[in-house]
Amino acid sequence: RDGMGRATAWLTVLMVPLALPPALLAWSVPDPRALAWLAGAAVAGTIAQALSVRAFALGRLWHLSVLAYLNVPLAAAMGWAVFAEEVAPWTLAGGALIVAASVVLAQREASATADD
């Protein structure tokens, strides 16, 4: 029932207080370059959340939720490409398992919906 803006705002309102206590345990003041990266990540995350809310309003949940599981392999690939992080074999295996399971579930749901 709520619009894209309200759902996105509620995510922020709820997540910031929940994340603050553990963040304070390891907090150090970031340098200006890190602050710029954090601001960019915040803007990108807010846009992503808003677009996700809009997509779920327009499409079927089980179609779109499959795409959410692509976050794991995409995050691993981005960490490797952008930050030169090593990708452990277990990360690759876990990502492959998640993607395969989501594809199987999507096909199963699609066939179950077609039968109805």
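Quick notes on this one:
- Computed with a 1.4 Å probe over protein heavy atoms only, the accessible surface of the chain comes to 81 Å² per residue.
- Extension gain for the segment A68 to E86, taken as residue separation times 0.36 nm less the Cα-Cα distance, is 4.2 nm to one decimal.
- Computed over protein heavy atoms with a 1.4 Å probe, the carbon and sulfur contribution to the accessible area of the chain reaches 71%.
- Taking the Cα centre of the chain as origin and assigning +1 to Lys and Arg Cβ atoms and -1 to Asp and Glu Cβ atoms, the resulting dipole is close to 320 debye.
- Degrees between helix 89-115 axis and first principal axis of the chain (Cα, 0 to 90, nearest 10): 40
- For the chain, the longest principal axis of the Cα atoms and the long axis of helix 71-83 meet at an angle of about 40 degrees.
- A simple spin-label model places pseudo-atoms 7 Å from Cα toward Cβ; at A26 and V43 they are separated by 2.6 nm.
The values are calculated or read from the model by the stated rules, or taken from the named source; none is laboratory data. Note that this is a predicted model, so its numbers are computed, not measured. Don't worry about glycine lacking a Cβ; one is built from the backbone with ideal geometry, like all the others, and counts go over all protein chains shown. Heavy atoms of the whole protein, side chains included, go into the accessibility calculation; ligands, DNA and RNA do not. Shrake-Rupley method; radii C 1.70, N 1.55, O 1.52, S 1.80 Å.
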